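Engineer: Please find one structure pasted underneath; my questions will follow.
Derivation of every value follows stated rules applied to the coordinates shown; laboratory data play no part. Source: prediction; values computed, not measured. Heads up, the Cβs are rebuilt from the backbone with ideal geometry, glycines too, and the neighbour counts pull from every protein chain shown.
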Amino acid sequence: MIPLSVLDLAPIAEGDDAAQALKNSLSLAQHAERLNFQRFWLAEHHGMPGIASAATAVLIGHVAGGTSRIRVGAGGIMLPNHSPLVIAEQFGTLASLYPGRIDLGLGRAPGSDQLTARALRRNLSADADEFPQDVLELQDYLSDAPRQRVRAVPGTGLKVPLWILGSSTFGAQLAAHLGLPYAFASHFAPQQMMEAVALYRANFKPSAQLDKPYVMLGFNVFAADSDEQARLLATSMQQAFVNLRTGRPGKLQPPEAGYLERLPGEALAMLDSVLSCSAIGAPATVKQAMAAFIDRTGADELMVTSQIFDHQARLRSYEITAQVHGMV
């Protein structure tokens, strides 16, 4: 039985605000800990009306402080938005407060539009092509004997586990070269998943952090007591993707009966593509879909995300997921 983990975007539901979304994130993390999920990751996004996890390190501290065992981390920090030293200090602080429980996943996308990216950095001189060098610089800050004269305090010597995140073969190659665990965003960009995973495994070089390849894959789960109810719950996420792709990002919308039937063909094709790595249904349906995905990919771990409008229904979805996977 491979471990399951949770990816949370701190979704802001229609009718709620960021404060409620952040309370829900802590509630979900506590629930996931009781259900024996391996880790709870939060994603960095900026300028998104429906996502409250922009200050990712701050929220990680809040969640880690409200739990006791589950690993808490970033899935991920978008490194081009930040100086490696600042991230080393932030996660060195988190690792000092919560030793042995903090993960640091790193991505090279901005997690925002270009206008927001400019506001974050004041200029766009930070180049995503510098991502590999930034990862090495960050890794050095967290090492026992940094080569740089500048020191991350806290940070030096804490060796916070680094992960490379990706949705293409670029991240796979980098993770393999550096000997780091690799997390693929198959929950929303599955097109190159199998190619990237194969490339990573074939080219992996052991490192001080990791002696053999380790792949975590994103996977959507919308679980409920019936297939019909689960399909209804999934329409909130479907609406979110259609709205985002048509330039109308907003808060997470209530489920809408008959939503798919009213969509044009191109929107349906888009959803079929981006959400192909999903399990939607009653317990038996979810169990079968999840097992088939693990068998097909050989994943070492799944990062489960459930963008569900109603918080109690979301908790129930994770409960069902844990039960069918034999975790509780």
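Engineer: As I understand it, the dipole of the chain uses +1 on the Cβ of Lys and Arg and -1 on the Cβ of Asp and Glu, about the Cα centre. Which of Met1, Met194, His82 lies farthest toward its positive end?
Structural biologist: Most positive-ward Cα: His82.
Engineer: Next question. Along the charge dipole of the chain, pointing to its positive end and built from +1/-1 on Cβ of Lys, Arg, Asp and Glu, which listed residue (His45, Ile280, Ser306) has its Cα farthest out?
Structural biologist: His45
Engineer: Along the charge dipole of the chain, which of Phe241, Leu174, Phe219 sits closest to the positive end, that is, farthest toward it, with unit charges on the beta carbon of Lys, Arg, Asp and Glu (+1, +1, -1, -1)?
Structural biologist: So the residue we want is Leu174.
Engineer: Another one. Which ³J(HN,Hα) values, rounded to whole Hz and listed in residue order, are derived for segment 42-53 from phi using the Karplus coefficients 6.51, -1.76 and 1.60 in 6.51 cos²θ - 1.76 cosθ + 1.60 with θ = phi - 60°, glycine and proline given as x?
Structural biologist: Couplings: 10, 9, 7, 9, 10, x, 9, x, x, 10, 9, 9 Hz.
Engineer: Right, something else. Taking the Cα centre of segment 27-174 as origin and charging only Cβ (+1 Lys, Arg; -1 Asp, Glu), how large is the dipole, in debye to the nearest 20?
Structural biologist: I would put it at about 360 debye.
Engineer: Would you mind estimating how fast segment 3-118 diffuses translationally, via Stokes-Einstein at 10 °C and 1.306 mPa s with the Kirkwood radius over Cα pairs, in µm²/s?
Structural biologist: For these conditions, the coefficient is 111 µm²/s.
Engineer: No solvent, one uniform scatterer per C-alpha: report log10 I(q)/I(0) for segment 224-328 via the Debye equation at q = 0.21 1/Å, two decimals.
Structural biologist: Calculated log10 I(q)/I(0) at the listed q: -1.20.
Engineer: According to the square roots a ≥ b ≥ c of the eigenvalues of the Cα gyration tensor, what is the shape class of segment 289-328, taking rounded for a/c under 1.5, prolate for a/b larger than b/c otherwise, and oblate for the remainder? Don't skip to the answer; put the middle values down first.
Structural biologist: On the way: a/c = 2.80, a/b = 1.83, b/c = 1.53.
It comes out prolate by the Cα gyration axes.
Engineer: May I ask you to give the average projected area over all directions of the convex hull of the Cα atoms of the chain, in nm² rounded to one decimal? Walk me through the numbers on the way to the answer.
Structural biologist: Working: hull surface 63.6 nm².
Mean orientational projected area (the chain, Cα hull): 15.9 nm².
Engineer: Right, another one. Which value, in debye to the nearest 20, gives the size of the charge dipole of the chain about its Cα centre, when Lys and Arg are +1 and Asp and Glu are -1 at the Cβ?
Structural biologist: About 620 debye.
Engineer: How tilted is helix 283-297 with respect to the longest principal axis of the chain? Cα atoms for both, answer in degrees (0 to 90, nearest 10).
Structural biologist: Long axis of 283-297 versus the principal axis of the chain: about 40 degrees.
Engineer: Using θ = phi - 60° and the Karplus form 6.51 cos²θ - 1.76 cosθ + 1.60, what ³J(HN,Hα) does each residue of segment 92-105 get, whole Hz, x for Gly and Pro?
Structural biologist: So the Karplus estimates, Gly and Pro as x, are x, 5, 4, 5, 6, 6, 10, x, x, 10, 10, 10, 10, x Hz.
Engineer: Through the Karplus equation 6.51 cos²θ - 1.76 cosθ + 1.60, θ set to phi - 60°, convert the phi angles of segment 18-24 into ³J(HN,Hα) values in whole Hz; use x for Gly and Pro.
Structural biologist: Couplings: 4, 4, 5, 4, 5, 4, 5 Hz.
Engineer: Shifting gears a bit: If we count every other residue with Cβ under 12 angstrom of Val328's Cβ, Lys/Arg +1 and Asp/Glu -1, where does the sum land?
Structural biologist: Once positives and negatives cancel, what remains is -1.
Engineer: May I ask for the net charge around Leu79, where only other residues with Cβ less than 10 Å from the Cβ of Leu79 are counted and Lys, Arg are +1 while Asp, Glu are -1?
Structural biologist: Values: positive: Arg108; negative: Glu44, Glu130, Asp134, Glu137.
With Lys, Arg at +1 and Asp, Glu at -1, the neighbours total -3.
Engineer: Could you please report the charge total around Ile12, scoring K, R as +1 and D, E as -1 over all other residues with beta-carbon less than 14 angstrom from its beta-carbon?
Structural biologist: -2
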